[in-house]
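Asker: Would you mind keeping the following structure in view while I ask a few things?
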Amino acid sequence: MDYSVQTTDNGIRVTLTGRMTLVDHDKFRAVVDAIEKMQGTACEFNLAALEFVDSSGLGMFLIARDVAMPKNVEIQLKGAQESVRRILQIAKFHTLFTVLD
Amino acid sequence: MAPVPTGRFRIAGHGVPQGLLAGVAQKLGLGIDGAETDSPPDLLLVGDTSADELRAALVRGIGVVVDADDPARADGVLPVLGRPNLIHLSLSTLRAFRLELAPLLCEALQCRGWIAGDRRPEVELCVHEAVSNAIVHGNLGIQHGPSEDPASFDRFYAEVRMRLADPVRAGRILRLDAVWDGAAVEVQVDDEGAGFQSGPQALPSSPAAKSGRGLHIMRELSDGVSFDRGGRTVRLRFRR
């Protein structure tokens with residue numbers, strides 16, 4: 001997995017690309033650090049180029065949520081490809097995150 | 001039991017010393033793959049190989065792959081050499097972790113026409129979850145995933161890294177078999193861990209649980225999941 005972080009009008013946009021699995025924990029730790037330090041109210045994950053996410057990757061999104069909630073930051077999961085969207089549905093992530101097309 | 005045919009089968013190596021390859025070939029009665037034929041060898045002995053090299057070998061049609069760190073295991077694959085409906089990989093835990101086997105296997109399944117392209121993402125995710133469970137909870141012996149405590153994620157991955165550095169745990173073998181029956185493919189993952197009790201409930205405790213989704217994902221996306229050997233074997237079925 002690769003990632004980039006950009007500042008937006010109301011927070012940050014995190015773009016994830018490639019495969020997000022067990023081995024990406026250290027990289028995602030840097031994403032969590034960016035959420036901890038961010039200003040604003042929204043953290044948008046751009047998932048359009050994310051090809052694969054496994055159960056460990058789902059757990060990483062939940063870590064991001066744990067960090068965002070006390071800051072009143074909304075986490076948005078946006079633009080997921082069909083295969084990634086399917087796993088988000090199976091995990092019932094729409095009950096925890098704002099999932100956008 | 002029918003005698004094992006040898007001689008007509010060929011072996012090749014990736015990242016393997018020639019002496020080791022020659023020794024295994026002689027012990028098993030196999031020819032060493034050369035440039036005289038375009039057909040793939042029947043058995044690949046892998047040492048320090050890359051994912052791209054292994055992918056290319058599987059796509060080329062090699063059906064049986066054995067880890068060079070444990071060449072004695074090659075004895076056990078003689079009966080399955082030359083079977084066109086089977087893919088068998090027997091690799092150390094460390095090599096299986098580094099190579100990330102699910103996408104490699106699924107590319108081979110798709111190339112052989114055993115899965116359709118539109119099923120590949122869900123097959124790949126199920127195989128990936130089964131292999132990850134076999135590595136982490138089976139061969140590395142880490143019983144539980146991260147808990148609700150956010151810091152437990154860091155501790156969990158530190159534990160994975162530490163156990164992968166332990167030669168005993170990292171050297172345990174993970175077997176991955178795929179068998180095509182003409183209508184569906186059955187993927188079997190075997191580990192050498194302590195096993196687990198699989199109950200009917202595979203759902204995590206809540207959508208916010210940090211771990212425990214693997215079995216649920218496999219049950220949702222495959223056409224059948226079953227366990228054997230006290231949880232050290234998982235079988236996944238996928239209709240084409």
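The values are calculated or read from the model by the stated rules, or taken from the named source; none is laboratory data. Bear in mind the structure is a predicted one, so any value in this text is a computation, not a measurement. Cβ sites come from the backbone with ideal geometry, for glycine too, and all protein chains shown count toward neighbours.
Conditions (1) modelled with pLDDT of 95 or more; (2) farther than 30 Å from B:L58 by Cβ; (3) more than 10 Å from every other protein chain (Cβ to nearest Cβ), marked per residue:
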{"residue": "B:I115", "(1), (2), (3)": "yes, no, yes"}
{"residue": "B:P150", "(1), (2), (3)": "no, yes, no"}
{"residue": "B:V179", "(1), (2), (3)": "yes, no, yes"}
{"residue": "B:V189", "(1), (2), (3)": "yes, no, yes"}
{"residue": "B:G199", "(1), (2), (3)": "no, yes, yes"}
{"residue": "B:S206", "(1), (2), (3)": "no, yes, no"}
{"residue": "B:G212", "(1), (2), (3)": "no, yes, no"}
{"residue": "B:L221", "(1), (2), (3)": "yes, no, no"}
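Asker: Right, something else. For A:F61, which of the numbered conditions (1) crowded, with 17+ Cβ neighbours inside 10 Å; (2) over 27 Å from B:L94 (Cα atoms); (3) within 12 Å of another protein chain (Cβ to nearest Cβ); (4) not charged (D, E, K, R) fails to hold?
Answerer: Status for A:F61: all satisfied but (2).
Asker: Separate question: With region B:4-79 as the region, which strands (runs of 3 or more DSSP E) entirely inside it contain at least 2 residues that are in contact with an Asp or Glu (Cβ under 9 Å, 6 or more places away or on another chain) and under 24 Å from B:G171 (Cβ atoms)?
Answerer: B:10-14, B:43-46
Asker: Could you tell me which residue of region B:120-173 is nearest to the chain's Cα centre (by Cα), considering only residues that are surrounded by fewer than 19 Cβ atoms within 10 Å (Cβ to Cβ) and more than 25 Å from A:I63 (Cβ to Cβ)?
Answerer: Only one residue fits best here, namely B:G171.
Asker: Can you find, within region B:207-234, the residue that is farthest from the chain's Cα centre (by Cα) among those that are closer than 23 Å to B:G117 by Cβ and buried (at least 17 other Cβ atoms within 10 Å of the Cβ)?
Answerer: For region B:207-234, the residue satisfying everything is B:E220.
Asker: While we're here: Here's a check for you: in region A:20-31, which residue that is within 11 Å of chain B (Cβ to nearest Cβ) and surrounded by fewer than 19 Cβ atoms within 10 Å (Cβ to Cβ) is modelled with the lowest pLDDT?
Answerer: Out of the qualifying residues, it is A:D26.
Asker: Taking the condition more than 10 Å from chain A (Cβ to nearest Cβ) and among the acidic types (D, E), does B:D154 pass?
Answerer: No.
Asker: State whether one or more residues within region A:19-32 are over 22 Å from B:R119 (Cβ atoms) and not in a helix (DSSP H, G or I). Before the answer, list the steps.
Answerer: Start the filter on region A:19-32 by keeping residues that are over 22 Å from B:R119 (Cβ atoms), which leaves A:22-32.
This time we only want the ones that are not in a helix (DSSP H, G or I), so: none.
No.
Asker: How many residues does region A:65-84 contain that are touching a residue at least 12 places away in the same chain (Cβ under 8 Å), at the interface with chain B (Cβ under 10 Å from one of its Cβ atoms) and under 21 Å from B:I217 (Cβ atoms)?
Answerer: Number of matching residues: 4.
Asker: Count, please, the residues in region A:33-59 that happen to be assigned to a helix (DSSP H, G or I) and either over 11 Å from the mean Cα position of the chain (by Cα) or of a type in the set (K, R) (or both).
Answerer: 6
Asker: Moving on to the next point. Going by the structure shown, is A:D9 modelled with pLDDT under 95, farther than 15 Å from B:P150 by Cβ and more than 10 Å from every other protein chain (Cβ to nearest Cβ)? Give the derivation first.
Answerer: Working: modelled with pLDDT under 95: no; farther than 15 Å from B:P150 by Cβ: yes; more than 10 Å from every other protein chain (Cβ to nearest Cβ): yes.
The answer is no for A:D9.
Asker: Considering only residues that are over 16 Å from B:R73 (Cα atoms) and of a type in the set (A, V, I, L, M), look in region B:174-188 and name the one that is surrounded by the fewest Cβ atoms within 10 Å (Cβ to Cβ).
Answerer: Initial filter on region B:174-188 (over 16 Å from B:R73 (Cα atoms)): B:178-188.
Keeping just the survivors that are of a type in the set (A, V, I, L, M) gives B:178-179, B:183-185, B:187.
Values: B:A178: 25, B:V179: 17, B:A183: 8, B:A184: 15, B:V185: 24, B:V187: 26.
Here the residue is B:A183.
Asker: Residues in region A:32-44: is at least one within 11 Å of another protein chain (Cβ to nearest Cβ), aliphatic (A, V, I, L, M) and under 21 Å from B:S147 (Cβ atoms)?
Answerer: Checking region A:32-44: at least one residue is within 11 Å of another protein chain (Cβ to nearest Cβ), aliphatic (A, V, I, L, M) and under 21 Å from B:S147 (Cβ atoms).
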